[in-house]
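A quick write-up on the structure given underneath.
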Amino acid sequence: FENEIAQYCETDYALGLANGSDALFLALKAMDIGYGDEVITCPNSFIASAWVIEAAKAKTVFVDCDDDFNIDVNKLEEAITEKTRAIIPIHLTGRPARMDQINALARKHNLFVLEDSAQAIGARYKGKRVGGLGDAAGYSLHPLKNLGIIGDGGFFTTNDKFLYEKVKKLRNHGLKNRDECEMWGFNSRLDSLQARLASIKLKHLNSWNTRFREIASTYRKGLNAIVITPQDSADEESVYHNFVIRVNKEIRDDLMQYLLTRGVETKVHYPIPIHLQECASNLKYKKGDFPNAENFALEMISLPIYPELNESELNHVIGSI
Ligand SMILES: *Cc1c(COP(=O)(O)O)cnc(C)c1O
């Protein structure tokens, strides 16, 4: 599986791990990021994008998201300080972040770039798969992700031999062989049975991702005139882990309720930006700090999207909206 997935992600190395969060966390450990360091990410994400930084004992610094729900590259540089060691761009909803600008800033300030690719397996940016666009990347194989197994799993990709070898030891107690331990480590191995399953499902991933993109395009055609839909730019090929529309916040909750009465379950990814979560009180952010993330949290609706969704179901969702 590791060989197959490295090839799929167009990277030199891949390592199976216990889950996607560990992939990000162990990458930070391999980069020797910890106390006194700052790591930049976006508050419009799943909580794991930030807790991995806290778990590494570094400080989380947020930068607001842009209209594409990804980190706003125009606000990135002002968040960089002498303590900044890494940027974690999140390819949220399966849509690649603006990696050229992120990498250029990282190079200028000597920072690591760690892609949170949990939602974006197979997505492309300027023709290249995500996962090999920065120094390292973390992916999740959670059942809800585009490549999901039966339980938890994840993997790490990189083109950097040093990071690869270090994460390989960190996931296995820090051991360099059966009896000798080089560094304090963790136990974060991907179960062999799950790896086998991932390998079987990987053969179907491209056709599933194609279907995600077809569904997105059907939604766009049907809904462009009445709500804000995500648009692919020429640079990117999103895999639409979520299809997130935006509507007026005065009607958002009523629309979701109404859709439910029509048998259409929707969710919000994510209703509480991370900087306003209870756990984040140590970071001392407040309401108003990240206006896009906060406003979008009140306007977003994730529509049903999965490969098995058929045309009449899609038309029912569109007609209901
Ligand atoms: C799912 C997800 C993760 C964490 O993956 P797990 O396998 O659940 O640990 C991290 N970041 C994002 C953006 C995710 O969606």
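Overview of results
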| quantity | calculated |
| --- | --- |
| Within the chain, percent of DSSP bridges classed antiparallel, to nearest 5 | 65 percent |
| FRET efficiency, 1/(1 + (r/R0)^6) with R0 22 Å, evaluated for H204 and N3 via beta carbons | 0.75 |
| Segments 267-274, 240-247 sorted - mean Cβ within 10 Å per residue, highest first | 240-247, 267-274 |
| Listed pairs K59/K161; K75/K176; K128/K287; K108/K176; K59/K203; K169/K201 exceeding 32 Å between Cα atoms | K75/K176; K128/K287; K108/K176; K59/K203 |
| Cα-based helix-to-principal-axis angle, 311-320 vs the chain, degrees rounded to 10 | 70 degrees |
| Cβ-based net charge around V317, under 12 Å, with every Lys or Arg adding one and every Asp or Glu removing one | -2 |
| Sorted peptide list for 113-124, 300-311, criterion being average Cβ within 10 angstrom, highest first | 113-124, 300-311 |
| 0 to 90° range, to nearest 10: angle between helix 20-30 axis and the chain longest Cα axis | 40 degrees |
| Theoretical FRET efficiency, 1/(1+(r/R0)^6), r = Cβ-Cβ of I47 and D67, R0 22 Å, to 0.05 | 0.45 |
| Global geometry of the range 69-179, whether rounded, prolate or oblate, following the gyration tensor of its Cα atoms and the 1.5 cut on a/c | oblate |
| Between helix 192-223 and the chain: long-axis angle, C-alpha atoms, 0 to 90°, nearest 10 | 30 degrees |
| Relative contact order [Cα under 8 Å, 6+ residues apart], the chain, whole percent | 20 percent |
| Summed side-chain charge close to L133 - residues other than L133 whose Cβ falls under 14 Å, Lys, Arg +1, Asp, Glu -1 | -3 |
| Check: the range 47-175 dipole with +1 on Lys, Arg Cβ and -1 on Asp, Glu Cβ, in debye | 600 debye |
| By average C-beta atoms within 10 angstrom, highest first, the peptides 200-209, 136-145, 213-222 | 136-145, 213-222, 200-209 |
| Of L24, L76, L259, the one that fluctuates the most in a GNM where the chain has Cα springs shorter than 10 Å | L259 |
| Charge tally in the Cβ shell below 13 Å around I301, where Lys, Arg are +1 and Asp, Glu are -1, I301 excluded | 0 |
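The numbers here are math on the coordinates, done by the rules we state, and not lab data. Everything numeric here is computed off the predicted structure, so don't read it as measured data. Note that each Cβ is placed from the backbone with ideal geometry, even for glycine, and that neighbours are counted across all protein chains shown.
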